[in-house]
Amino acid sequence: LVRIRAQLLWAWARLDEAEASARSGIEVLSSYQPQQQLQCLAMLIQCSLARGDLDNARSQLNRLENLLGNGKYHSDWISNANKVRVIYW
C-alpha cells in the first residue's frame, strides 16, 4: 500500500512525499528478501529521474538490475522496472 501511495503522490507531482513513501516501503520490507523491494526501488528511481538526479538514479538502477537478475517477478513488477530503465536510457 505504501508503494501505491508513492505512485499516486508521484502522479500528483508531490515528489518529496512520493520519495518518502517509497523509502518507507523499503523500510517496511527490509526484513524480507531484497527482491520484495523492487517496486519501491523503481519508484525511488522515478523520483530521482523526475528531479534530474541522474547520478542517484544510476546508482539505484544498478541495484534494480541486480535484483532483476536474481529473481523471478510478476509481469507487472517487470513493467514497473522497465519503465524507469527506459526513462533513464
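Assorted remarks:
- When TRP12 is tested against (1) loosely packed, with under 14 Cβ neighbours inside 10 Å; (2) modelled with pLDDT of 90 or more; (3) within 20 Å of TYR73 (Cα to Cα), exactly one condition is not met: (3).
- Restricting attention to the range 1-59, the residues that are within 21 Å of GLY71 (Cα to Cα) and of a type in the set (Phe, Trp, Tyr) total 1.
- Single unsatisfied condition, ILE45 versus (1) at pLDDT 90 or above; (2) surrounded by fewer than 20 Cβ atoms within 10 Å (Cβ to Cβ): (2)
- Residue check, ARG5 over 11 Å from the mean Cα position of the chain (by Cα), surrounded by fewer than 14 Cβ atoms within 10 Å (Cβ to Cβ) and touching a residue at least 12 places away in the same chain (Cβ under 8 Å): no
- Residue list for the range 43-86, restricted to those being of a type in the set (A, V, I, L, M) and without any contact (Cβ under 8 Å) to a residue 40 or more places away in the chain: LEU44, LEU49, LEU54, ALA57, LEU61, LEU64, LEU67, LEU68, ILE78, VAL86
- As a summary of the residue check, SER21 satisfies the conditions (1) part of a helix (DSSP H, G or I); (2) modelled with pLDDT under 90 except for the one numbered (2).
- So ASP55, is it at pLDDT 90 or above and out of contact with any helix residue (DSSP H, G or I) (no Cβ under 8 Å at 6 or more places or on another chain): yes
The values are calculated or read from the model by the stated rules, or taken from the named source; none is laboratory data. Quantities reported herein were computed from a predicted structural model and do not represent experimental measurements. Every residue, glycine as well, gets a Cβ built from its backbone with ideal geometry; the counts of neighbours run over all protein chains shown.
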